[in-house]
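See below for the structure under consideration.
The values are calculated or read from the model by the stated rules, or taken from the named source; none is laboratory data. Owing to the predicted nature of the structure, the values given are computational and were not obtained by experimental measurement. Cβ coordinates were reconstructed from backbone atoms using ideal geometry, including for glycine residues, and neighbour counts include every protein chain displayed. Quick note on the areas: whole protein, heavy atoms, side chains included, nothing else; ligands and nucleic acids left out. Shrake-Rupley method; radii C 1.70, N 1.55, O 1.52, S 1.80 Å.
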Amino acid sequence: MRPFLPTAIASILFSTAAFLPSASAQVIVRERGTDTQNSGAMDLVQLQGGQTLLQNVELLDCTLTGFARKDRLRLNLPRPGQTADLPDHVLLPGGGSLWRVSEGLDEVLLQITRQGSLRTLLRTPAANGGIASRVSVAPDGEAAIVSAGRAVWCVDLTGEREATCLTEHLGSLSISSRSLRLNAHTGYFISGDRLYRCPAGATGADRAVSVPLPFGPNEELTQELVLASESPTVLVTLEHDENSRRLIAVHAGGDLEILTPLPEALPLPGLGHDLGPFTAISPDGSHAAWRTEGASEELYITCLNGGPVQHVTTLPEYPAYLDNIGVLAFGISNRLCFFAGDRVISGITGAEQMGAADMYAVSVDPSCGLQSRNVSGTSGSFTPPFALPGQMALEATFLDPLGERFFVEQEPLEGPEFISTFAINAFPGQGSYGSVDMLVHHDDFEYYTAGTAILVYTEREQGSTDIVHLSLIPAHDGNGPQTIDLGNWHPSTRVEQVAFSGTNACVRLSVEGEPVALWIDLLSGELLPILPMTVGQTLEIGSPLTFDHVGQLLLGARRPNGRSGWFKVAAPGAARSLSVPARRGFFLPY
């Protein structure tokens, strides 16, 4: 079931005689133990010189918070790492990564820089609460905010400043790490029912100050904040119960703007929901939008700092039957994009799906009011009134790595599931809509950033047999959606990791429990073995891969005796052995 690998390619020999000195400070996770058995203990070791950086460490989850799920593949934003056999970690825009580890009695926040070197950002005793698993990173990747030792710290990721404690003057706090938010202007977090603001943000955070909020009787502060990416304005939700919430905008200096004076049935922001967010703020903090619930779902938008609240989904522009709204996001020129559909017409009534849907965009024109357009256009109506229902049945959505087009995972009531895609930069011209040629009969889609392309894993039926199918979707080139077929695989196949640099990527698979690693040319989709085989010896690449800062692949391959062979690969078949101070282990991805 595997794609055929030409024998001539697989038999190329790599050099084992010459050891290639490395100018990189790349970090190796060295596994302790014998050649055949891992003791579970690990050290972090620098490749060049073999210096032990940290001893007896355990990798812990370091989970990104504050970004919408639809942005999880974006290259220009912090994003979650996608390596199956490693804990959660954060990949930074432009290169580099964040990791949380325990070392002895301490917990440590680490950064692998884009050059591959290791920086210790923060260390605190585990007995004092350690370092929280959630971390918020500024959109440009230059700073992060984290809870550690019952305090909040701002850590600089450029190497120019030491970590700053923002709460030393406040004493010991119980901090909601889920609430941590940071941009270049301001940081926010919640402790108990108090909102705190750190005025200077990522540019050199100042001490946290409490922001008084206008609590009503029996209202509490919910933990999910919505922070503008380029402004100090944040949206907070006060809750009496799930059917009685109010939305508040907090501006620079702590000025408040009550957007919903009376309690309403507002959903929580839903940043982690497949069909969220349900609350949005424009990058410059000038506009806000939110969904309300009830007999039908409705959408509202306002210009902040005193503008009127305007009802978007009203007659005659939008049909009365429209009752399912989600995936709110502001784009170019503060245009609000959102998906909207209908439960009755589509027959899809669950909260996890949206039927009879299209994607719309609306802008606020001071002279003309609201200007709307149908971006996806599956109904055939691109301008109001939008009298006909859309044709999409959404289960999940996400943006491509460059943020140029939406991908929609669709699950119709009848027929196979499929993925569709359309450009989002078409407004105010006619939108383009086309389905990606990928039909499946199971609900198991997985997506991986592969440079500017997307690697898609699906399960499908071929006759009476289940198979796994891999495809590559290149970056949008203006000629409509395309896919590159990477072949059918055994149904047990799982994607463990995708690493990339420039126009090259490497995918690490598990096929029938055996490791398989392949080099992908992202332009042509050609698959090649990363390492050729020496005569009489098979090497298994079963550990994480990483590209260094000059675009060469670094990896450890397991020999039959259990010891790792270490290699730097410039191109398929062009591998050189490395002299590495570790018998077993792997390179730490960044």
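Taking Lys and Arg as +1 and Asp and Glu as -1, the other residues whose beta-carbon sits under 9 Å from that of Met42 total -1. Distances between placed amide hydrogens fall under 5 Å for Leu555 paired with Phe567, all partners being 5 or more residues away or on another chain. Scattering from the range 224-276 was approximated by placing one identical point on each alpha carbon and applying the Debye formula without solvent; log10 I(q)/I(0) at 0.14, 0.27, 0.29 1/Å stands at -0.39, -1.08, -1.14. Relative to its Kirkwood radius, the Cα radius of gyration of the chain gives an Rg/Rh of 0.99. Ratio of Rg to Rh for the range 30-116: 1.02 [Cα atoms; Kirkwood radius as inverse mean 1/r over pairs]. Rg then Dmax, both in Å and based on the Cα atoms of the range 534-589: 10.9, 33. Using Cα centres only, tell me the gap between the range 467-524 and the range 343-395 in whole Å. So the separation of the two Cα centres works out to 33 Å.
Using Cβ point charges alone (K and R +1, D and E -1), the dipole size of the chain about the Cα centre works out to roughly 2000 debye. Here the range 52-123 has 42 percent of its accessible surface on carbon and sulfur atoms, given a 1.4 Å probe and all protein chains in place.
Positive-end ranking of Gln310, Ile348, Val580 along the dipole of the chain, with charges on Cβ about the Cα centre, is headed by Val580.
Whole-Hz Karplus values for the range 112-125 come out as 8, 6, 5, 8, x, 8, 9, 10, 8, 8, 7, 9, 8, x Hz, taken residue by residue from phi with 6.51 cos²θ - 1.76 cosθ + 1.60 and θ = phi - 60°; glycine and proline positions read x. Remark: spin-label model distance Leu315-Arg123 equals 6.9 nm, labels positioned 7 Å along the Cα→Cβ axis. Computed from backbone phi with θ = phi - 60° and the Karplus coefficients 6.51, -1.76 and 1.60, the 3J(HN,Hα) list for the range 87-104 is x, 3, 8, 10, 9, 9, x, x, x, x, 7, 10, 9, 10, 9, 9, 9, x Hz; x is used for glycine and proline. The residues of the chain present an accessible area of 39 Å² per residue when probed at 1.4 Å with all protein chains retained.
With all protein chains in place and a 1.4 Å probe, the accessible surface of the range 534-589 carries 46 percent carbon and sulfur. Place +1 on the Cβ of every Lys and Arg and -1 on the Cβ of every Asp and Glu in the chain, take the dipole about the Cα centre, and give the residue among Ala126, Gln371, Tyr457 whose Cα lies farthest towards its positive end. Final value for the positive-end residue is Ala126.
Where the alpha-carbon atoms of the range 85-161 are placed on the principal axes, they occupy 35, 27, 20 Å, in descending order. The fraction of accessible area contributed by carbon and sulfur in the range 223-278 is 52 percent, rounded to a whole number (1.4 Å probe; ligands and nucleic acids excluded).
Here the 3J(HN,Hα) profile of the range 251-268, calculated from phi with Karplus coefficients 6.51, -1.76 and 1.60 at θ = phi - 60°, is 9, 4, x, x, 5, 10, 9, 8, 7, 10, x, 9, x, 9, 7, 9, x, 5 Hz, Gly and Pro shown as x.
For the range 543-587, the Cβ-based charge dipole about the Cα centre amounts to some 280 debye (Lys, Arg positive; Asp, Glu negative; other atoms uncharged). Dividing the Cα radius of gyration of the range 254-369 by its Kirkwood radius returns 0.95 for Rg/Rh.
Normalising by residue count, the range 319-372 has a Cα convex hull of 73 Å³ per residue.
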